[in-house]
């Protein structure tokens, strides 16, 4: 049985998340003193660019099971938006403000989109599109 070839969606997603984590650790290491924002900003931009590239590659997959992707993705997105909101609340409760708050908030947004997309992709890639046979080929009527 031959497996379909997919773009490296998960690998690029993990790289995007790794950049976010590196930026977050860098910021956290400098708080509460002055935080140089150059490196975290560059990491955030690179991570966001990888997320956009990832979504672009995903939209080009032929016969992808978008129904299953949406079914799984909406619930994963709800869960990750909730966790991102809890983390954001902790930032605000600890009086984080200014540039570090903006960078960390945008990083949370990338996290809250990328992880659910990876979860939904993983489920949808192993599920046949609607109307497909057991071998993954589409039935013609």
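Things to note:
- Value of relative contact order over the stretch 9-125, rounded to a whole percent, pairs C-alpha under 8 Å and six or more apart: 40
- The angle between the Cα long axis of helix 38-59 and the main principal axis of the chain comes to about 10°, on a 0 to 90 degree scale.
- Helix 99-125 vs. the chain, principal-axis angle (Cα, 0 to 90°, nearest 10): 20
- Cα long-axis angle, helix 66-93 against the chain (0 to 90 degrees, to the nearest 10): 10
- Hull volume in cubic angstrom per residue (convex hull over the Cα atoms of the stretch 16-106): 88
- Expressed as a fraction of 2.2 N^0.38 Å, the value expected for a compact globular protein of N residues, the C-alpha radius of gyration of the stretch 1-53 is 1.52.
- From helices alone, the chain scores -25000 deg cm²/dmol at 222 nm; the rule is -39500 (n - 2.57) for each run of n ≥ 4 DSSP H residues, then divide by the residue total.
Read-outs: derived from the displayed coordinates by stated rules, not from any lab. Note that the structure is predicted; figures quoted are calculated from it, not measured.
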